[in-house]
1. Between Val127 and Asp236, what FRET efficiency follows from the Cβ-Cβ distance if R0 is 25 Å, with the result rounded to 0.05?
2. Give a residue-ordered list of calculated ³J(HN,Hα) values for region 175-184 (Karplus: 6.51 cos²θ - 1.76 cosθ + 1.60, θ = phi - 60°; whole Hz; x for Gly, Pro).
3. For Arg178 and Arg259, calculate 0.36 nm times their separation in residues minus their Cα-Cα distance, and state this gained length in nm to one decimal.
4. Any idea what the relative contact order of region 152-259 is, in percent, if you count C-alpha pairs under 8 Å spaced at least 6 apart?
5. Going highest first, how would you order 227-233, 202-208 by mean Cβ packing within 10 Å?
6. Ranking request for peptides 247-253, 140-146, 154-160: highest mean number of other beta-carbon atoms within 10 Å first, then the rest in descending order.
7. With a ≥ b ≥ c the root eigenvalues of the C-alpha gyration tensor of region 125-259, is it rounded (a/c under 1.5), prolate (a/b larger than b/c) or oblate?
8. About its Cα centre, how strong a charge dipole does region 192-259 have in debye, to the nearest 20, once Lys and Arg get +1 and Asp and Glu get -1 at the Cβ?
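The values are calculated or read from the model by the stated rules, or taken from the named source; none is laboratory data. Bear in mind that the values here come from a model prediction, so they are computed numbers and not experimental data. No Cβ is skipped: glycine too gets one built from the backbone with ideal geometry, and neighbour counts run over all protein chains shown. Heads up: the accessible areas ignore ligands, DNA and RNA and are worked out on the full protein's heavy atoms, side chains in. Shrake-Rupley method; radii C 1.70, N 1.55, O 1.52, S 1.80 Å.
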Amino acid sequence: MTSKDKETEAETEAEIEAEVAGTTASKDAGEEKPTAEMVAALAKLQDKGADVSSSSGEVEQAIAGEGAAGEVAAGEAGVAVSETSAEATNDRATTAKAQDNAQAQAAKPATATHSASVEHAPITYVVKQDALGRAYATGKRKNSIVRVWVKRGQGKFLVNGRVPEKYFARDVLCMIVRQPFEVAKCENSFDVMCTAKGGGLSGQAGALKHGISRALCNFDPQFRPALKNAGFLTRDARIVERKKYGKPKARRSFQFSKR
């Protein structure tokens, strides 16, 4: 070996040592330490006397491979953390929903019990009489209003101070005002005194029937089922239809004239 070859080999060894020293210093400054594989690769390069640039490139590739592996591990850890947080959120939502359902189920029986108690609550009708033993009620039909007082008696009947046969003057109307006593099966058992105003005789007769029926229920609630089934306690809502403008009556029209 010539002196020139010895000098070249010495220079090569010096450069390799400088490169290794620089790499070690950079690793000590903050980078990761070279692994056993990296050291073995450097030793092999030194033995072969390969170029320093190629050795440094392999070293960088090895370092980059380790960095990529670290990033993959970090990504997997992040995915695991996100999955864990999602599962925790789902668990909380499921627990909250279960609590709401339990509260709803607990509230339903109370509501059902309350409604059932209201629906099945019995209605109590009481006797309504004044100091003289009379029961009072008001009857209405069309535009007529009748005030009625009933009490136990022999069947005395006065309408505005007159007997029905004199006041109504029609047998049909007299029959109408006595129907409540026939339905309740208490003919000639009550005295009736009433005052009627408004409307005509037909309307006053219907109002008197309504008032007598209500007065009998106030006197004795036992009369209510029979009178209710007969429909005597319901106020007849039929009234005269109003007049329309442009017509002489509610629906009557003026005589048509072609010319």
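1. Details: r = 26 Å, r/R0 = 1.06.
Between Val127 and Asp236 the formula returns 0.40.
2. 5, 4, 6, 9, 4, x, 5, 5, 5, 7
3. Numbers: separation 81, 0.36 × 81 = 29.16 nm, distance 5.55 nm.
Taking 0.36 nm per residue and subtracting the Cα distance, the gain is 23.6 nm.
4. Working: 101 pairs, mean separation 25.4, N = 108.
Relative contact order of region 152-259: 24 percent.
5. On the way: 227-233: 15.1, 202-208: 24.4.
Taking the mean over residues of other Cβ atoms within 10 Å, the ranking is 202-208, 227-233.
6. On the way: 247-253: 10.1, 140-146: 20.0, 154-160: 14.9.
Listed from highest to lowest mean packing, they are 140-146, 154-160, 247-253.
7. Working: a/c = 2.77, a/b = 2.23, b/c = 1.24.
Here region 125-259 falls in the prolate category.
8. Details: 16 positive and 3 negative charges, 176 e Å.
Approximately 840 debye in magnitude.
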